[in-house]
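Novice: Just passing along the structure, written as structure tokens.
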Amino acid sequence: MHRRFTTSLRYSVCLATLSAATALAQRSTEAIHVDDANHVFRIDAGDTTYEFGANEEKRLQTIYWGERLSEQDHPQTPKAAPGMSSFDSSRNTTPQEFVAWGGLYVEPNLKVTFPDGNRDLDLRYIDYSMRNGVLSVQMKDISLSILVTLQYKVDDATGIMGRRALIENRTDKPFIVESASSATWNLPRGTNYILRYLSGRWAGEWTVNDQNVKPGKVILESRRGSTGSQNNPWFSVRKNDTAEENGDVWFGGLAWSGSWQIAIEEDAVQQVRITGGYNPFDFGYHLKPGATLETPWFYAGHTSHGLGDASRKMHHLEMDTLVPHAPREKLRPVLYNSWEATDFKVNEAGQKALAEKAAAIGAERFVMDDGWFGARNNDHAGLGDWAVNPHKFPNGLKPLIDKVHSLHMDFGIWVEPEMVNPDSDLYRKHPDWILNFTGRPRTEGRNQLVLNLAREDVREYISSSLDKLLTENDIAFFKWDYNRNWSEPGWPAVAPDEQKNVYVDFIRNFYGILEELRKKHPNVEIESCSGGGSRVDLGVIGLTDEVWPSDNTDAFDRLRIQNGFSQAYAPGIMMAWVTDSPTWVNQRTLSLPYRFLSSMQGSLGIGANLTKFTPEELDTSRKMIAEYKNIRETVQRGDLYRLISPTDGSEASVTESVSRDRQQAVLFAFLHSSTELYPYPRIFLRGLDPDRVYALRAIEGKASSDTPTSATGSYWMHRGIDVELRGDFQATAFVLQGASH
Ligand code: GLA
């Protein structure tokens, strides 16, 4: 018997905007198809087909993942692969959907130690069900009452699937889950793959790395208790003839903000497997009888249109499905943030003066950063005491918030809820609330310790402090910071064999607070910041509205940082501030238009000390912000084309954003340094409607004198544009406005 289910993980499809995503949604039959006789599951969505099934041994294995197939074609009936030799059994050579450890050398998805010492696990398919667009496929161990449910959901527009596993203890004793990951993604067998991943450190996040996939294993991970910038939980694997705009790419990301791991493994039979989930390092989840451990969603998709399309598919998933506020209704406001201007020296008069300047140049949101609470005069004290500092704000926050509102901006504020300074009332009252091992040193980072949010009393304290702040003040936005990693992840208050549950329970409570706050205060918006870009992942993106990619606000460095960020994440959630020059980072001087154009490729913010701006600088800022408002829908929600990457070795860097209806395109071009009289490379646009006429208008700088003021999309894409850029750190930008049909 064949059954077809209609499913979708899109919960807020608005078809009003004629978009590429919508066009895809309409083309898609959006279905999960089950062949009951052969136990085969097939998912067709977007441009992609995914097929898996239970083989003759009732083990689940991947059959196909790639370009969408015709409905008549069925790649094969699942059949366990033969073993290679006495050294590599069939269980190792079969591309299993979810690998339970037992007789295996490949990366497992699940490894358990049972109370009697048994560590063998052998999961077989038993049944499936469909609910709310999620396909659940159940497996059970051959003799023990441990049930594993593999869940699948699919985004009909992009074909990106979400997978996770639910591990249920139906025995009558607790057991320890030593490692648990969400899914294994099996690529077509082969050796010609290139892995792309992101690495970094504070002030140098989002470096793009490419390397050949070779026999053996590459581990991307965080052992830090949070996402981390050293690796980001995102991958792409491509064939070695794939380029930015053509060729096969398999890509994905993990929706988890705690310690994580993604393993990219080429096994003994040249099968490339990508396995991701909780980091097995120091893992050991104590699972009580009747309890279920959920692994994070692991999203992944395929395109045959290159790395650029892989990124655009991720961007669509994030903007249309994951972020909580439907941004098609609500674009990111232009915000002002006080951090680089005032540091910890905030007070009512100073913030009001900045607010006036910010409003005058067109900011729509005013955010007061660190320093407003407790004894917070520097980073040595006050974290944890979320009461307004009475010396800096003798009448509370109301006078400042009223002032901000009278200037037609909304008000946002900085918080760092999971941290505490030892010099704080909170720590003095609850020294036992922090992550630590009894009798061992408690390492400080930026003079602070990490509260153990896995504890219910800590969760309650954080949740009620933030709720109180939102209830008592008209606050539209939290910048939620997290400025260090874990060092001694002990939880002495619970039994030793339950202490490692902290890796899961901490993050579940973090997500729980975000969910609760959003429910109680549906209009509040939240930015995920972590000393820069250390907490950016698909999990936190599902509960916040924007993220902070880096504390490095040098507009030239940002070109590289933003290029890396855009591999995985959408410009619409990427905060980018214009700050003072020379920047604190490199002591480099950059013109104000250059700094604006760099930031206008994302969600624009201003972080400069506006009280020191000259009238001319304020004028330029006003003009640039007005320009940004005209193009922000295209930048934030449109399709990004990385025309020339800042890391490909040339002196140029060019991005283009095209609106979903292809009515408007915006082009940003930067020159690092002219050399040897070479002209700037000609720019060939992409993604335009070839027959539509687009008028060209400069936001800044100019095109060469022989450039027409209007031409068809075909002309701009094939003849291209020559721009006049010469010198060091130069920038130009253009709008191409399409005539209505
Ligand atoms: C972190 C953030 C900064 C700023 C400071 C405040 O470093 O990334 O933007 O908010 O904290 O202490």
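The values are calculated or read from the model by the stated rules, or taken from the named source; none is laboratory data. Remember, it's a predicted structure, so these values are computed and weren't measured experimentally. Methodologically, a virtual Cβ is constructed for each residue, glycine included, from the backbone with ideal geometry; neighbour enumeration extends over all protein chains shown. The area values use the complete protein model at the heavy-atom level, side chains included, leaving out ligands, DNA and RNA. Shrake-Rupley method; radii C 1.70, N 1.55, O 1.52, S 1.80 Å.
Novice: For residues that are open to solvent by 10 Å² or more (accessible area, probe 1.4 Å) and either more than 26 Å from E294 (Cα to Cα) or free of Cβ contacts under 8 Å to residues at least 24 places away in the same chain (or both), tally how many sit in the range 511-530.
Specialist: 4
Novice: Of V458, V420, V415, which residue is of a type outside the set (S, T, N, Q), touching a Leu at 6+ places or on another chain (Cβ under 6 Å), within 16 Å of the ligand (Cβ to nearest atom) and within 27 Å of D551 (Cβ to Cβ)? Working first, answer last.
Specialist: Working: V458 fails: within 16 Å of the ligand (Cβ to nearest atom); V415 fails: touching a Leu at 6+ places or on another chain (Cβ under 6 Å).
When all the criteria are applied, what remains is V420.
Novice: Going through the range 76-122 one residue at a time, which ones are buried (at least 18 other Cβ atoms within 10 Å of the Cβ) and among the polar types (S, T, N, Q)?
Specialist: Across the range 76-122, the qualifying residues are N92, T93, T94, Q96, N109.
Novice: OK, next. Could you tell me whether the range 157-169 includes any residue that is open to solvent by 10 Å² or more (accessible area, probe 1.4 Å) and part of a loop (DSSP other than H, G, I, E, B)?
Specialist: Kept after step one, since they are open to solvent by 10 Å² or more (accessible area, probe 1.4 Å), are these residues of the range 157-169: 164, 166, 168.
So of that shortlist, the ones also part of a loop (DSSP other than H, G, I, E, B) come out as none.
Looking for residues that are open to solvent by 10 Å² or more (accessible area, probe 1.4 Å) and part of a loop (DSSP other than H, G, I, E, B), one finds none in the range 157-169, hence no.
Table: residues versus (1) touching a residue at least 24 places away in the same chain (Cβ under 8 Å); (2) β-branched (V, I, T); (3) touching a strand residue (DSSP E or B) at 6+ places or on another chain (Cβ under 9 Å); (4) over 17 Å from W202 (Cβ atoms).
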site: G539; (1), (2), (3), (4): yes, no, yes, yes
site: R558; (1), (2), (3), (4): yes, no, yes, no
site: A568; (1), (2), (3), (4): yes, no, yes, yes
site: I573; (1), (2), (3), (4): yes, yes, yes, yes
site: D580; (1), (2), (3), (4): yes, no, no, yes
site: L590; (1), (2), (3), (4): yes, no, yes, yes
site: Y594; (1), (2), (3), (4): yes, no, yes, yes
site: L597; (1), (2), (3), (4): yes, no, yes, yes
site: K612; (1), (2), (3), (4): yes, no, no, yes
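Novice: Can you find even one residue in the range 453-475 that is closer than 30 Å to L400 by Cα, assigned to a loop (DSSP other than H, G, I, E, B) and basic (K, R)?
Specialist: No, the range 453-475 contains no residue that is closer than 30 Å to L400 by Cα, assigned to a loop (DSSP other than H, G, I, E, B) and basic (K, R).
Novice: Against the conditions (1) assigned to a strand (DSSP E or B); (2) under 27 Å from D309 (Cβ atoms); (3) over 28 Å from the mean Cα position of the chain (by Cα); (4) of a type outside the set (D, E), where does L147 fall short? Just the number, please.
Specialist: (2)
Novice: Moving on to the next point. Taking S566, is it within 14 Å of the ligand (Cβ to nearest atom) and either over 26 Å from L643 (Cβ atoms) or surrounded by 22 or more Cβ atoms within 10 Å (Cβ to Cβ) (or both)? Please lay out each step first, then the result.
Specialist: On the way: within 14 Å of the ligand (Cβ to nearest atom): no; either over 26 Å from L643 (Cβ atoms) or surrounded by 22 or more Cβ atoms within 10 Å (Cβ to Cβ) (or both): yes.
It is false that S566 is within 14 Å of the ligand (Cβ to nearest atom) and either over 26 Å from L643 (Cβ atoms) or surrounded by 22 or more Cβ atoms within 10 Å (Cβ to Cβ) (or both).
Novice: Name every residue in the range 170-198 that is among the hydrophobic types (A, V, I, L, M, F, W, C) and either part of a strand (DSSP E or B) or surrounded by fewer than 22 Cβ atoms within 10 Å (Cβ to Cβ) (or both), in order of residue number. Before the answer, list the steps.
Specialist: Residues of the range 170-198 that are among the hydrophobic types (A, V, I, L, M, F, W, C), as a first pass: 175-177, 180, 183, 185, 187, 194-195, 198.
F175, I176, V177, A180, A183, W185, I194, L195, L198 - these are the residues of the range 170-198 that are among the hydrophobic types (A, V, I, L, M, F, W, C) and either part of a strand (DSSP E or B) or surrounded by fewer than 22 Cβ atoms within 10 Å (Cβ to Cβ) (or both).
Novice: A further question follows. Given the range 501-582, what helices (runs of 4 or more DSSP H) lie entirely inside it while holding 1 or more residues that are closer than 16 Å to L597 by Cβ?
Specialist: Details: elements: 502-520, 538-541, 555-568.
Ranges flagged: 555-568.
Novice: Could you check the range 33-90 and list, in sequence order, the residues that are under 30 Å from the mean Cα position of the chain (by Cα) and part of a loop (DSSP other than H, G, I, E, B)?
Specialist: G46, D47, R68, L69, listed by residue number.
Novice: Please state which one of A359, A363, A355, A300 is closer than 29 Å to N630 by Cβ, touching a residue at least 40 places away in the same chain (Cβ under 8 Å), among the small types (G, A, S) and not in a helix (DSSP H, G or I).
Specialist: Details: A359 fails: not in a helix (DSSP H, G or I); A355 fails: not in a helix (DSSP H, G or I); A300 fails: closer than 29 Å to N630 by Cβ.
Selected residue: A363, the only one of A359, A363, A355, A300 that is closer than 29 Å to N630 by Cβ, touching a residue at least 40 places away in the same chain (Cβ under 8 Å), among the small types (G, A, S) and not in a helix (DSSP H, G or I).
Novice: Tell me which of these A358 doesn't satisfy, since it passes every other one: (1) more than 30 Å from Y503 (Cα to Cα); (2) more than 16 Å from the ligand (Cβ to nearest atom); (3) open to solvent by 20 Å² or more (accessible area, probe 1.4 Å).
Specialist: (3)
Novice: Among (1) in a strand (DSSP E or B); (2) of a type in the set (A, V, I, L, M, F, W, C); (3) open to solvent by less than 10 Å² (accessible area, probe 1.4 Å), there is one condition L640 misses while meeting the rest; what is its number?
Specialist: Checking L640 against (1) in a strand (DSSP E or B); (2) of a type in the set (A, V, I, L, M, F, W, C); (3) open to solvent by less than 10 Å² (accessible area, probe 1.4 Å), the one that fails is (3).
Novice: Take the conditions away from the ligand (no atom under 16 Å from the Cβ) and open to solvent by 30 Å² or more (accessible area, probe 1.4 Å) and apply them to E318. Does it pass? Before you say what the answer is, go through the steps one by one.
Specialist: Values: away from the ligand (no atom under 16 Å from the Cβ): yes; open to solvent by 30 Å² or more (accessible area, probe 1.4 Å): no.
No, not satisfied.
Novice: State whether one or more residues within the range 514-521 are more than 16 Å from the ligand (Cβ to nearest atom) and either touching a Phe, Trp or Tyr at 6+ places or on another chain (Cβ under 7 Å) or within 24 Å of G284 (Cα to Cα) (or both). Outline the logic, then answer.
Specialist: Going residue by residue through the range 514-521, those that are more than 16 Å from the ligand (Cβ to nearest atom) are 514-521.
Right, trim to either touching a Phe, Trp or Tyr at 6+ places or on another chain (Cβ under 7 Å) or within 24 Å of G284 (Cα to Cα) (or both) and you get none.
Checked against the condition, which is being more than 16 Å from the ligand (Cβ to nearest atom) and either touching a Phe, Trp or Tyr at 6+ places or on another chain (Cβ under 7 Å) or within 24 Å of G284 (Cα to Cα) (or both), the range 514-521 yields no hits at all.
Novice: Open to solvent by 10 Å² or more (accessible area, probe 1.4 Å) and either part of a helix (DSSP H, G or I) or touching a Phe, Trp or Tyr at 6+ places or on another chain (Cβ under 9 Å) (or both), is that true of K345? Before you say what the answer is, go through the steps one by one.
Specialist: Numbers: open to solvent by 10 Å² or more (accessible area, probe 1.4 Å): yes; either part of a helix (DSSP H, G or I) or touching a Phe, Trp or Tyr at 6+ places or on another chain (Cβ under 9 Å) (or both): no.
Judged against the criteria, K345 is not a match.
Novice: Here's another thing I want to ask about it. Out of curiosity, is W486 in contact with a Gly (Cβ under 7 Å, 6 or more places away or on another chain), open to solvent by 20 Å² or more (accessible area, probe 1.4 Å), of a type in the set (F, W, Y) and in a loop (DSSP other than H, G, I, E, B)? Talk me through it step by step, then tell me what you get.
Specialist: Working: in contact with a Gly (Cβ under 7 Å, 6 or more places away or on another chain): yes; open to solvent by 20 Å² or more (accessible area, probe 1.4 Å): yes; of a type in the set (F, W, Y): yes; in a loop (DSSP other than H, G, I, E, B): yes.
Judged against the criteria, W486 is a match.
Novice: Right, next: Looking at L400, L426, L407, can you tell me which residue is within 18 Å of V450 (Cβ to Cβ), open to solvent by less than 60 Å² (accessible area, probe 1.4 Å) and more than 16 Å from the ligand (Cβ to nearest atom)? Can you show your working first?
Specialist: Working: L400 fails: within 18 Å of V450 (Cβ to Cβ); L407 fails: within 18 Å of V450 (Cβ to Cβ).
So the residue among L400, L426, L407 that is within 18 Å of V450 (Cβ to Cβ), open to solvent by less than 60 Å² (accessible area, probe 1.4 Å) and more than 16 Å from the ligand (Cβ to nearest atom) is L426.
Novice: Would you mind finding the one in R632, R662 that is open to solvent by 20 Å² or more (accessible area, probe 1.4 Å), in contact (Cβ under 8 Å) with a residue 40 or more places away in the chain and not in a loop (DSSP other than H, G, I, E, B)? Steps first, answer last, please.
Specialist: On the way: R662 fails: not in a loop (DSSP other than H, G, I, E, B).
After applying the criteria, what remains is R632.
Novice: Scan the range 286-307 residue by residue and report those that are surrounded by 24 or more Cβ atoms within 10 Å (Cβ to Cβ) and either modelled with pLDDT under 95 or over 30 Å from D505 (Cα atoms) (or both).
Specialist: Residues satisfying the conditions are H302, T303, L307.
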